[in-house]
Structures are given as C-alpha cells and as structure tokens.
1. How many nm is it between the label spots at residue 359 and residue 33, if each spot is 7 Å from the Cα in line with the beta carbon?
2. Counting only heavy atoms of protein chains, what accessible area per residue, in Å², does the chain have with a probe of 1.4 Å?
3. Assuming R0 = 60 Å, can you tell me the calculated FRET efficiency for the pair residue 136 and residue 376, based on Cβ-Cβ distance, to the nearest 0.05?
4. For residue 199 and residue 74, what is the calculated FRET efficiency with R₀ set at 30 Å and r taken between the beta-carbons, to the nearest 0.05?
5. On full extension of the chain, what length is gained from residue 345 through residue 218, given 0.36 nm per residue of separation minus the C-alpha to C-alpha distance?
6. From the cross-link list 85/116; 276/354; 47/138; 47/216; 25/377; 48/317, which pairs have alpha carbons spaced over 28 Å apart?
7. Based on DSSP H assignment, which helices of the chain show an axial Cα extent of at least 30 Å together with a mean Kyte-Doolittle hydropathy greater than or equal to 0.5?
8. How big is the Rg/Rh ratio for region 23-172, C-alpha atoms only, Rh by Kirkwood, two decimals?
Amino acid sequence: MKIVSLVMLLFLQGQMLLGQVDYAKPIVEKLASKKFAGRGYVFGGDKKAASFIASEFRKNGVLPLKGHYFQPFAMDANVFPKEVKVTLDNKKLSVGVNTLIEASSPSLRGRFDISKVSLQKDTLFLRQLMNNPAYSGKIIFVDEAVALENMKADELRTSLLYLAQGGLYKGILVDTKQKLLWRGATQQIQRPIVYVKDVVTEGLAVKELDLNIYAKYQKDYKTNNVCGYIKGTSGSDSTVVITAHYDHVGAIGRNIIFPGANDNASGTALLLYLTKYYNAHPPKYNMVFLAFSGEESGLLGSIHFANNPQIDLSKIKFLLNFDMAGTGDDGIQVVNGTVFKTEFDRLVQINKEKSYLPQVLVRGPMNRSDHYPFYEKGVPSFFLYTLGGIGAYHDIYDRFETLPFTKFDAYTQLMIDFITTL
C-alpha cells in the first residue's frame, strides 16, 4: 500500500511539473509571435500583450486592483513603423543580421558619400568635427575597433551620441565587431547612427551609403501596467508580490521583429503560471501580480507603480521579480541575495534538498530590472533570471522556436516552495 501511495505521489508531482511548462509554452509562443510586434510601442504591440495578460488574469481567477486590471501611464517612444533599408556600396544589408540603426535615430532618406574619421573622446575635438565643412552633407564613418584602442566602450557610445546631436554631416556609420543589439528609445537624436557588422573588408574604404529610414517620435504614448491579486486565506494584510515585465523592444517595420521570447515572455509566463497555481491553491498571504510595461525603456512602468502604488508598499513581505526564465542550464542568478541573506540562504537550502537547479548564484544590488524602484523604497526583493542555454538577447534570434525551457518546471517549483516559507 505504501509503495502504491509513493508511486502515485511521484506521478502527481511529475504531472504538476509537466503542467507548468505545458502552460508556459503556448503563452511564450503567443507573446513572441509576429502579431504582438515585439511587444513594443508600434502597431499596438504593447496593448495587445496587456489585453492578453489581463484575459489570463481573469481566466485564472485574479481580481483587478482598484477595480480594473490596467494602470495607465505615459512615456515617450521613438519607433519605426516602416521598413528600414540600408545599402552600402550597392550591397543591400539585412536589418538585424548585418546592420542595425540606433533606436533613437531620426528619419533620413538619400544616398550619401562616406568620409572616415578618427575619434577622440575630447569634447572640443568632437565639436570641431561636427562643424568641419569637409564632412558637410556626408556620412562620417567610424571603425569601432580602432576607436576602442583609445577609449572604453561606454566612452565610445557617449561620443557617438554626442555627435548624433547635430553637425554638418548627415549621419554616422559604425563598423562594429559586437553583437547587434536593439533597445527601447524614449528620445530622438538629430542624426542617425547606423551599425554594420561583417560587411566592411579590412583595409578597404567604403564609399557610399544609401538610407531609407522613417522614424516616428511618439510623445506621451499611453501604455499600461497590468495589475491583479489573489486574496490570502489568513486574513492578514501582508502581501507577496510577483512581478515581470511583458514589454520588449518592438519591431522595425512589419517584418523585422524582436520577439523577446526569453526576455521577457518567459518571465511573464512564469508569473501567469503562478496566478493559475495560486487560484487552485489559495495562498496564506495576499498575492499581488504586476506585469510591467516600459521596462526596456528605463524601468518606466515599475517606477510609475512604485511612485503611484495601488497597494501599501509597507505591507509587502517580499517581492520576486522574474526576467528571462526560459533556460536554466546553469541555474539561476539572484540579485539582492547579498542584501536579503536570510531569504537567499533559505532558497539555496531548498534547492540543495530537492535538487531543482544546478546552482543558485548570488549578486548584490543592481538597478537593471523592475524590482529596483521597490527596493529603493525599502521593499525586500529579489530579481531572478536563469543562466546558460541560448545566447539570444535583444536581437531577432530570441524566438520561441529556439527557447529550450530547460529548467522551467523545476525553477517554478523552487519558487513555489520558497514562497511557502515567507
């Protein structure tokens, strides 16, 4: 009889784990699909994602905060609703593959001669370059590898953005050896910056750049956080908060999509699974679920909520912020683990006892995700993300089809076990 019970228990545990990833996969597939346009601020991608999340909240028994699921806020966004065309010396380049424009670039159309420049980080030098009549009406060309011999990567980026404020030239072309990464932009610079990779032959001059860029700057674009809760059984007003950002970096025209399967459709799927789980297994404390917009543009959604809270922040027992939950081959990283050491040690002990993940690594505070505006206000919090697996990040390759979900089920169960100890 005991053997039969043990077998049944193991079977049920296996079914529960299987159900986690089975629930998550179609969520990620949908959010990372072309229909959602990279969940950015073009073609209504963010709004479609927010509506879908709200519908899952409703389906999973999550009640709206303050009577409605949406917390609206405004942000500025620079977007590209039309195809961008880049042709270098009569060779058409593939956007996202071997060329990418700076996300804050303005519109520019035409064919331009190219002149090579050698950069210095000195502001006076940059100002003289901007006003040099030799570059009037041209594209200035920067060899990144050469520039990095004289300055650090962040200094180079600062110099490029300084040059993009204006000048007699029409734009900036950068030959890079780095990965082509896209980002959200809340401003529009005066001159476009165009990056090219693996197309400039060393030692040969590039002569002509043909551009067709249409940018649209959207002032006070309206977007939404999605907010809900499940009431606890204890009658306490203490709250556990689960957060994840649902936005990503959008699209360039209709066909160049940055799907954001791992970043952060996967974290959103984990949040949504937990709504389903706690609807079926009522929690001891109130559970608040916050899906943020605007993270990729500077944590704008979480900053807005933290400054305009729909709950009492002082009642939060703990906040867990999930980002990039789709791998886990090498375990997870826990930001703020050095600050909230008691909770971190407890998480490590649970993982050690049950062997969910290969390892649980610790980091100190960092301000790169949505836990941080709450942490600044004294809310105890972790920011967690999975490690290993795919290297796709902020590019066209972060797709559902290649996301392994290696440890999604075990990771989810670790989080449920940890929440139980709070």
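1. 3.9 nm
2. For the chain, the per-residue accessible area is 43 Å².
3. The pair residue 136/residue 376 has a calculated efficiency of 0.80.
4. Calculated value: 0.15.
5. 41.2 nm
6. 47/138; 25/377; 48/317, as the Cα separations exceed 28 Å there.
7. Qualifying helices, which must be both long enough and hydrophobic enough, are 2-31.
8. Across region 23-172, the Cα-based Rg/Rh ratio is 1.12.
The values are calculated or read from the model by the stated rules, or taken from the named source; none is laboratory data. Everything quoted here is computed from the prediction, not taken from an experiment. All Cβ positions, glycine included, derive from the backbone under ideal geometry; neighbour counts span all protein chains shown. Accessible surface areas use protein heavy atoms only, side chains included; no ligands, DNA or RNA. Shrake-Rupley method; radii C 1.70, N 1.55, O 1.52, S 1.80 Å.
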